[in-house]
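A short write-up of the structure that comes next.
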Amino acid sequence: MSIQSEDKRRSLQVAQDSQDAEACTLTLPLEGLHCAGCVARVEGALAGAEGVESASVSLADNEARVRFDPGRVGADALAHAIADAGYGVSTESVEARIRGMHCAACVGRVEAALRAVQGVISADVNLPEESARLRVVAGTVEAGTLADAVAGAGYALELTDELADAADVAEVREEERDAEYQDLMRRFRVGALLTVPVLLIGHADWIPGLRDLDAGTLRSLWALSGLLTVPILVWVGRRFFTGAWTALRHRNATMDTLVALGTGSAWLYSTVAVLAPTLFPAGTAHPFYEATAVVITLVVLGQALEARAKGKTTRALRALLDLRPPTATVVRHGVEREIPAAEVVPGDLVVVRPGERVPVDGVVVEGRSAVDESMITGESIPVEKGPGDPAVGGTVLKGGSFRFEAQRVGKDTVLARIVELVREAQASKPPIQRLVDVVASYFVPAVVLIAAVAFVFWYANGPQPSLNFATVVAVAVLVIACPCALGLATPISIMVGVGKAAEHGVLIRSGEALQVARTIDTVVLDKTGTITVGEPALSEVLTLSDLAEDRVLALAAAAEAGSEHPLGQTIVAAARGRGMAIGVASSFEAEAGRGVRATVDGHEVIVGSVRYLDGSGVRTDDMADGAAGLSAGGRTPVAVAVDGRAAGLLGLADPLKPDSAEAVRHLQDAGLRVVMLTGDDARTAAAIARQMGIEDVRAEVLPGQKAAAIRDLQAEGRRVAMVGDGVNDAPALAAADVGIAIGGGTDVAMEAADVTLVGGSLRGVVTALDVSRATVRNIGQNLVGAFVYNVLGIPIAAGVLYPAFGVLLSPMIAGAAMAFSSVTVVTNANRLRGFRPSMSGGPAGTAR
């Protein structure tokens, strides 16, 4: 993010045309231009966009200068037009804090204000986090412009320093939320203390000893109630009135508007009834200060409980942030020194001892240890690490110690990238939330209109005193309709769901991916590196002479020791893995792609394909059946001859990952169709499919054809998830409804798909789908609760049940219901924190 402060602003390249006040010129930095043909295509794409008056592209500057009508087209549409032509616009990510939001209607207004700024491509506002994430055209938007736009909508924007540490930001926000909770609770306690006598006086006719008071004494008590209610209005509920005033000045209506209108009108009506009773029909000048006092006090309590509950939603992210140790031990100038982890630089030699966390990413250079990587990869079994192995920041040494060379530090570490990905996903919006935001933008004005209509109707037709009755109804409508729960229903569940997925090594890039994943009915799996480990290994040794298996392997390994062929190196590694001493070969000869010949311990050893041995004069008749059997089982046969005679066959195969078959069974048991899509030969693919229990196998498919295969499945009406390595499967990952990239240790393909499985296990696919179903189900529960609450509550408050049943909802009950509806939504979302994946021993995708 390059937008920071007034003195660091870049020159604004969005300017009003001097001759046409409605025209606007925007300079877009482009990516992917190579020739004059590229220029022509981009110019044509821009010229064809609605509202564009002219467009010129400079190949030398990699820029497009566009003159357009901002009322008809914006930066987002221009960027999409360029993307459709096959090119890109250089963008920046901007993160900001938004203050003053209370409900879903606030979110919609802030987003609209930000998106109206020329140069802003997208803006997602998160109500629980009080944050905004923007994507802007690089170098075109000033910090002040964004702040002014948000201020114009009645809110305040503070840009987040791009250099700020994520843990520091989280800690500050936790402190702010705790301070808010403490402040609200202080206000609640004062409000409750003052409300008790107001409530008793308001219901004096229910209390023995007070019901028989004369009119003069009762009126004096009413006046006392009015005075006691003043500090409730002025201090306890101050935020509602200042917020409503700010919204009014900007011609907006928010939750504060509803509360302020309802309680303020009730207090004003009551005060007039006490001070000027003659303005009302005889015996009807009855105040209800208790409604104002109780409503404000209960709403403040609800907001306090909501603030406390919202703090729990970020625990998963906080747990990730806490993985990074505050200090690191480094060796500089031959001396060990303990320094802040943030001061480690690439090239430092870092020492980690048993029980300590690895501070940054690097490569082990000395020592060995079992490392717990569970919080990064979701794998519970410690991984042995030695020289040459990657060390991932945040992981814990369980035994032994090592030294490693720091390679990636700060924001470049795997942990930092995971945290950033989780934060982006938590701030993003699924399609259902965008619909909720649109509904909410019309909600508050509609409620004010309903309250006004209800007041007029009951004033004209209600029981006496009709003014009192109509006021009670209007206040109840305004108070019960606050859309707080509606605004929290989706983002609060997304925050918890994405965080829980990250705890299990599943990184979900957006709320949209989270929502779409639950609709998947077909899972397409790549073979190499997805179902299998991705590296060949020795699976078996068949002897065809009197030589023992180990002797055949040892001779083959000695012959292959000088080979650079991957299969040769696999044979050498297998021999070393069995603790064999590998002899020294002489007279080494290699024929590319066919085999090697060498002299080992005085014996001529030939290793290669059966055809290579046959061409070298070795009789291979005894090898035919064994080689065919190995091939049929999906293994690559490597023939070994010693002193001109067939000695044995080595079976090499890319082994299945330990839990691949189990993961496929889970997917099939859940009713999903599983397809294997691979570029490998049909025989090998069929053998792997049999082991996996997969019936639909498509082999010998080129990378470019994989995307077409995905589209063919979609044409059948299938919702497809593609699981691959995130690099050579990129076209298929992009074509799928949900692309799931297999990550491997520190090589996490975070940019390749919608979901990344950090640990590389197919268990993550099951977990991703489980999390999606649980989260969307939780969102549904929240939305149903919020909508049903308003759909039922508003008519009851408006008095629709009164003619038939005599039921009227008092403002006090409306206030209590409104306050606790938000708490209910947040509490229900926090149930997701008990989620356990179905392949981790818990109930399938449950949120206890």
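Scanning the range 742-776 for residues that are modelled with pLDDT of 85 or more and aliphatic (A, V, I, L, M) gives Val755, Leu757, Leu762, Val765, Val766, Ala768, Leu769, Val771, Ala774, Val776.
In the range 614-633, of all residues being touching a residue at least 24 places away in the same chain (Cβ under 8 Å) and more than 17 Å from Gln691 (Cα to Cα), the one that is surrounded by the fewest Cβ atoms within 10 Å (Cβ to Cβ) corresponds to Gly617. Screening Leu213 against (1) at pLDDT 80 or above; (2) over 35 Å from the mean Cα position of the chain (by Cα); (3) surrounded by 13 or more Cβ atoms within 10 Å (Cβ to Cβ) leaves a single unmet condition, (1).
In summary, helices (runs of 4 or more DSSP H) completely within the range 455-518 and bearing 1 or more residues that are farther than 30 Å from Val755 by Cβ and in contact with a Pro (Cβ under 9 Å, 6 or more places away or on another chain) occur at 466-480. Collect the residues in the range 659-687 that are under 29 Å from the mean Cα position of the chain (by Cα) and without any contact (Cβ under 8 Å) to a residue 60 or more places away in the chain, keeping them in residue-number order. Within the range 659-687, Ala661, Arg665, Gln668, Asp669 qualify. The residues of the range 130-151 that are modelled with pLDDT under 80 and crowded, with 22+ Cβ neighbours inside 10 Å amount to a single one, Thr140. Scanning the range 688-700 for residues being over 13 Å from Thr528 (Cα atoms) and touching a residue at least 24 places away in the same chain (Cβ under 8 Å) gives a total of 4. Filtered by the rule that a residue be modelled with pLDDT of 85 or more and either in contact with a Leu (Cβ under 7 Å, 6 or more places away or on another chain) or assigned to a helix (DSSP H, G or I) (or both), the range 545-567 gives Glu549, Asp550, Arg551, Val552, Leu553, Ala554, Leu555, Ala556, Ala557, Ala558, Ala559, Glu560.
Conditions (1) at pLDDT below 80; (2) under 20 Å from Gly100 (Cβ atoms); (3) surrounded by 14 or more Cβ atoms within 10 Å (Cβ to Cβ); (4) of a type in the set (Gly, Ala, Ser), marked per residue:
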residue: Arg239; (1), (2), (3), (4): no, yes, yes, no
residue: Ala247; (1), (2), (3), (4): yes, yes, yes, yes
residue: Ala260; (1), (2), (3), (4): no, yes, yes, yes
residue: Ala266; (1), (2), (3), (4): yes, no, yes, yes
residue: Pro281; (1), (2), (3), (4): yes, no, no, no
residue: Thr292; (1), (2), (3), (4): no, no, yes, no
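Filtering the range 661-688 down to residues that are at pLDDT 90 or above, assigned to a helix (DSSP H, G or I) and of a type in the set (Gly, Ala, Ser), which residue is surrounded by the fewest Cβ atoms within 10 Å (Cβ to Cβ)? Looking at the filtered set, the residue picked out is Ala661. When the residues of the range 459-481 are narrowed to those that are among the hydroxyl-bearing types (Ser, Thr, Tyr) and over 50 Å from the mean Cα position of the chain (by Cα), which ends up modelled with the highest pLDDT? Only one residue fits best here, namely Tyr459. Within the range 36-62, residues that are under 20 Å from Asp76 (Cβ atoms) and open to solvent by less than 60 Å² (accessible area, probe 1.4 Å) have Cβ atoms under 9 Å from residues that are at pLDDT below 85 and among the basic types (Lys, Arg) in these pairs: Gly51/Arg72; Val52/Arg72, counting only partners at least 6 apart in sequence or on another chain.
What is the one condition in (1) crowded, with 16+ Cβ neighbours inside 10 Å; (2) among the basic types (Lys, Arg); (3) within 51 Å of the chain's Cα centre (by Cα) that Arg578 does not satisfy? Arg578 satisfies all of (1) crowded, with 16+ Cβ neighbours inside 10 Å; (2) among the basic types (Lys, Arg); (3) within 51 Å of the chain's Cα centre (by Cα) except (1). Selection of the range 634-652 for residues being open to solvent by 20 Å² or more (accessible area, probe 1.4 Å) and under 44 Å from the mean Cα position of the chain (by Cα) yields Arg635, Thr636. Filtered by the rule that a residue be closer than 14 Å to Val196 by Cβ and in contact (Cβ under 8 Å) with a residue 24 or more places away in the chain, the range 215-229 gives Leu224, Ser225, Leu228, Thr229. Close contacts from the range 507-535, counting a first residue that is at positive phi and a second that is basic (Lys, Arg) and surrounded by fewer than 24 Cβ atoms within 10 Å (Cβ to Cβ), with Cβ to Cβ under 6 Å and a gap of 6+ residues or different chains, come to none at all.
Per the conditions (1) modelled with pLDDT of 80 or more; (2) assigned to a helix (DSSP H, G or I); (3) over 26 Å from Asp69 (Cβ atoms), the sole criterion not satisfied by Asp168 is (1). Tell me yes or no: at least one residue of the range 190-206 is modelled with pLDDT under 85, open to solvent by less than 40 Å² (accessible area, probe 1.4 Å) and not hydrophobic (A, V, I, L, M, F, W, C). There is at least one residue in the range 190-206 that is modelled with pLDDT under 85, open to solvent by less than 40 Å² (accessible area, probe 1.4 Å) and not hydrophobic (A, V, I, L, M, F, W, C).
Of everything in the range 294-318 that is polar (S, T, N, Q) and either at pLDDT 75 or above or open to solvent by less than 10 Å² (accessible area, probe 1.4 Å) (or both), the residue that is nearest to Glu129 (Cα to Cα) is Thr313.
Just checking, does the range 486-494 include any residue being more than 28 Å from Leu677 (Cα to Cα), in contact (Cβ under 8 Å) with a residue 60 or more places away in the chain, open to solvent by less than 10 Å² (accessible area, probe 1.4 Å) and of a type in the set (Ser, Thr, Tyr)? Yes. Within the range 94-115, being open to solvent by 20 Å² or more (accessible area, probe 1.4 Å), assigned to a loop (DSSP other than H, G, I, E, B) and under 11 Å from Ala153 (Cβ atoms) holds for one residue alone: Gly100.
The values are calculated or read from the model by the stated rules, or taken from the named source; none is laboratory data. Since the model is a prediction, treat every value here as computed from it, not as a measurement. Don't worry about glycine lacking a Cβ; one is built from the backbone with ideal geometry, like all the others, and counts go over all protein chains shown. Surface accessibility is based on the protein's heavy atoms, side chains included, excluding ligands, DNA and RNA. Shrake-Rupley method; radii C 1.70, N 1.55, O 1.52, S 1.80 Å.
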